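Let me begin by presenting the structure, written as structure tokens, before commenting on it.
The values are calculated or read from the model by the stated rules, or taken from the named source; none is laboratory data. All values reported here derive from a predicted model rather than from experimental measurement. Cβ coordinates were reconstructed from backbone atoms using ideal geometry, including for glycine residues, and neighbour counts include every protein chain displayed. Surface accessibility is based on the protein's heavy atoms, side chains included, excluding ligands, DNA and RNA. Shrake-Rupley method; radii C 1.70, N 1.55, O 1.52, S 1.80 Å.
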Amino acid sequence: SQTIHQWPATLVQPVGSPLSLECTVEGTSNPNLYWYRQAAGRGLQLLFYSVGIGQISSEVPQNLSASRPQDRQFILSSKKLLLSDSGFYLCAWSTGNEQPQHFGDGTRLSIL
Amino acid sequence: GQQLNQSPQSMFIQEGEDVSMNCTSSSIFNTWLWYKQDPGEGPVLLIALYKAGELTSNGRLTAQFGITRKDSFLNISASIPSDVGIYFCAGFNAGNNRKLIWGLGTSLAVNP
């Protein structure tokens, strides 16, 4: 069966520090991968999606970037975090376009 | 970005009661999905609907894909305390099969 792992579960970072959140999927090949941010426990905002290695689509201009160095690995990064980057970050995968997405347990990011 | 109109925004019910929530859109959708999110976790897929008029059950949950393809509803029968959480509708509209469009969620509280 397929599983998705996200880490860390919780992260507290100072303003201006770098960020790296990692997500890996097991039990499937060539998945679509997604990064979402959820503010205040409601409303999921799509940040990035990827349909293959090295292929990244950005949905909103921001202080974040994403990379997919391997088929089942998706990384969310920032060079310098802003206070507004605080939130709950969720990684998800699907078997392809127009297919249900399956989520990891999320990373709670707090910027001080 | 586009969002689905999900209602009600919140519900507070007694254990054993039935629950109904719905989602509407101004555009036609090809797929409707219903998710549940527990605090501090990622959304979990409950039901997926792929065809207009389709009615699908998952235990005490039943969801329908509206015949106009612009709405969907989720019913929960005989609610129990573990039904507490936020329920999200989501879907793929006919114009974009890569980006999942989300409702803002229905927060459900169950009084034992």
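Find the relative contact order for chain B and round it to a whole percent, using C-alpha pairs within less than 8 Å whose residues are 6+ positions apart.
The value is 37 percent.
With the other protein chains left in place, how much accessible area per residue, in square angstrom, belongs to region B:34-110 at a 1.4 angstrom probe?
Per-residue value: 41 Å².
Contact-buried residues of region A:29-65, at a threshold of 50 Å² lost accessible area versus the chain by itself: A:ARG42, A:LEU44 (1.4 Å probe; DNA, RNA and ligands ignored). Heavy-atom accessible surface of chain A, averaged per residue, reaches 45 Å², computed with a 1.4 Å probe. For region A:29-112, the equivalent ellipsoid derived from the alpha-carbon gyration tensor has semi-axes of 21, 15, 10 Å in decreasing order.
Taking both sides together, the accessible area buried where B meets A is about 1900 Å² for a 1.4 Å probe.
Whole Å is fine, so just give me how far the alpha carbon centre of region B:41-112 lies from that of region A:1-65. So the separation of the two Cα centres works out to 23 Å.
Quick one: with all protein chains in place, what share of the accessible area of the protein assembly as shown is carbon or sulfur, to the nearest percent (1.4 Å probe)?
51
Dividing the convex hull volume of the alpha-carbon atoms in the protein assembly as shown by its residue count gives 121 Å³ per residue. Computed extension length for A:SER67-A:ASN97: 8.9 nm, one decimal, from 0.36 nm per residue of separation with the Cα-Cα distance subtracted.
Could you tally the net charge around A:LEU11, taking each other residue with its Cβ under 14 Å from the Cβ of A:LEU11, Lys/Arg +1 and Asp/Glu -1?
With Lys, Arg at +1 and Asp, Glu at -1, the neighbours total -1.
Pairs with C-alpha atoms separated by more than 25 Å, drawn from the list A:LYS79/B:LYS36; B:LYS36/B:LYS70; A:LYS80/B:LYS99, are A:LYS79/B:LYS36; A:LYS80/B:LYS99. For region A:77-112, the residues whose backbone nitrogen is under 18 Å from a point 7 Å from the Cα of A:ALA9, taken along Cα to Cβ, are A:87-91, A:103-110.
The residues of region A:95-112 listed by number as losing at least 30 Å² of accessible area in the complex, against the isolated chain and with a 1.4 Å probe, are A:ASN97, A:GLU98, A:PRO100, A:GLN101, A:PHE103, A:ASP105. If a spin label sat at a point 7 angstrom from the Cα of A:ALA39 along the line to its beta carbon, the backbone N atoms of region B:3-33 nearer than 17 Å would be those of B:3-4.
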